[in-house]
Structure formats: C-alpha cells, structure tokens
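Student: To start, I am sharing the structure in question, which I have written as structure tokens.
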C-alpha cells in the first residue's frame, strides 16, 4: 500500500492510501496547506503504513474523522490515536455501530478488533475545522445511522454513502434503504457540479457525473 497524491484543492491537499485485503478501503489524508494541519479520515487498517505516510507528509496531525463506524473504516484508529495523541471524531448517532464494530469484524474475518479509545462525538451537522478552515458536516444516514459526508468545499469525502456508480449497502444493522436514498438526494442537491466526490472504496467522480447517474437509477 503506497500513498497516492490526489492533488491540491484550494487550501487543501488530498492523499489516499488503499488498505490491505479484504477491505481495499480508502483512507484519506487531508492537509490544510497554510498551517500544515492534517486530518486522517477513515483509517480502516494498516496503521503502521498510515503513520509512515503521515510522517512523510510532514504535517501536524490534529484529528481522525470517521464517516461511519464499520470495521473497515476504523480498524487503525486506536493505534493512530495513541501514536499521534489525537482524538477520533464521529457522529453521536454512530455510537451503536462503533460499539458493535469488533463483533461485526469478527463475523467477517474471524478476528476481533479494538475500537477508538479517544472518541469524541458531535450531533447534528456542525462545522468542524482543520487549521481554522471550515469543514461542513453533512449527516447522511442510511448506510449507517450516523453516517456523514465531509464537505471541504472543492471536494467531499462521502464514505460509503455514495460510490462511483454505486451506493452503500443497507442490510447491516442500522441500515435503511429509504434513508440512504433521501441522503443521496439531499447530498447531490447541496453541492455544485464541479465538486469532486471521494468515496470509501473505489475511484472518485464529479457531482455532475453523479447526478447524471442518479437520475438514471432513481
């Protein structure tokens, strides 16, 4: 797993690491260029490699954000919290999913999993910050009750709410197809055509392309 630079987006730079099998999950590193502040989004595994990538970027790690609490998105959170002395932040509605993450991981892989140890939660749709720059939180339930998207302006991290030409599964505990469809409708109505969507698995696409696809499947 190597770090891939995805580019500069205004005051932010974005990189991704794809975690090892079986998940192949996108862990994103977002750096606020003026301050070098760094956020780690969805560290699903390969903690040592994520830490190596953080060191290589040379930034100031501030926070871990979880788009949701499934095991493939938080598997390395505890290790990174301890190593970098930073908290993990997630939506309060996601607490039951995070609490059940180890059991869910065991059902898929046969192994238990340690969850975040420095977990902070928020409610609603607060404006978070990175290096003083705003991050709009969009609560997008459906894949999980407390799923969120993180809107950095030129790009949005969508987690497993919306993939390129696909949507998140709703058959796991707390999932709701009706809520997910409503969340995707709302998401695509809130962001501009040229915004780039980066999901939890697979490649990115623009809001323009996502709207075109959504009209066909919806």
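The values are calculated or read from the model by the stated rules, or taken from the named source; none is laboratory data. Everything quoted here is computed from the prediction, not taken from an experiment. Every residue, glycine as well, gets a Cβ built from its backbone with ideal geometry; the counts of neighbours run over all protein chains shown.
Student: If we only count strands (runs of 3 or more DSSP E) wholly inside the range 125-218, which ones have 3 or more residues that are touching a helix residue (DSSP H, G or I) at 6+ places or on another chain (Cβ under 9 Å)?
Tutor: 133-139, 148-151, 155-159
Student: Output yes when any residue across the range 116-123 is assigned to a loop (DSSP other than H, G, I, E, B), touching a residue at least 40 places away in the same chain (Cβ under 8 Å), farther than 21 Å from residue 203 by Cα and within 17 Å of the chain's Cα centre (by Cα), and no when none is.
Tutor: So far as the range 116-123 goes, yes, one or more of its residues are assigned to a loop (DSSP other than H, G, I, E, B), touching a residue at least 40 places away in the same chain (Cβ under 8 Å), farther than 21 Å from residue 203 by Cα and within 17 Å of the chain's Cα centre (by Cα).
Student: Kindly indicate which of 126, 141, 145 is without any contact (Cβ under 8 Å) to a residue 12 or more places away in the chain and either more than 24 Å from residue 20 (Cα to Cα) or crowded, with 21+ Cβ neighbours inside 10 Å (or both).
Tutor: 126
Student: Cβ-Cβ under 8 Å, sequence separation 6+ or interchain: first residue in the range 172-195 and at positive phi, partner part of a loop (DSSP other than H, G, I, E, B). Which pairs?
Tutor: 174/144; 174/145
Student: In addition: Of everything in the range 33-53, what is surrounded by 22 or more Cβ atoms within 10 Å (Cβ to Cβ) and either in contact with a helix residue (DSSP H, G or I) (Cβ under 8 Å, 6 or more places away or on another chain) or closer than 19 Å to residue 109 by Cα (or both)? Give them in sequence order.
Tutor: Scanning the range 33-53 gives 38, 40, 42, 43, 44, 45, 50.
Student: For the range 61-91, name all the residues that are out of contact with any helix residue (DSSP H, G or I) (no Cβ under 8 Å at 6 or more places or on another chain), farther than 29 Å from residue 175 by Cβ, without any contact (Cβ under 8 Å) to a residue 40 or more places away in the chain and not in a loop (DSSP other than H, G, I, E, B).
Tutor: 82
Student: Sort out which residues of the range 1-23 are part of a loop (DSSP other than H, G, I, E, B), surrounded by fewer than 16 Cβ atoms within 10 Å (Cβ to Cβ) and modelled with pLDDT of 95 or more, and write them in order of number.
Tutor: Scanning the range 1-23 gives a single hit, 10.
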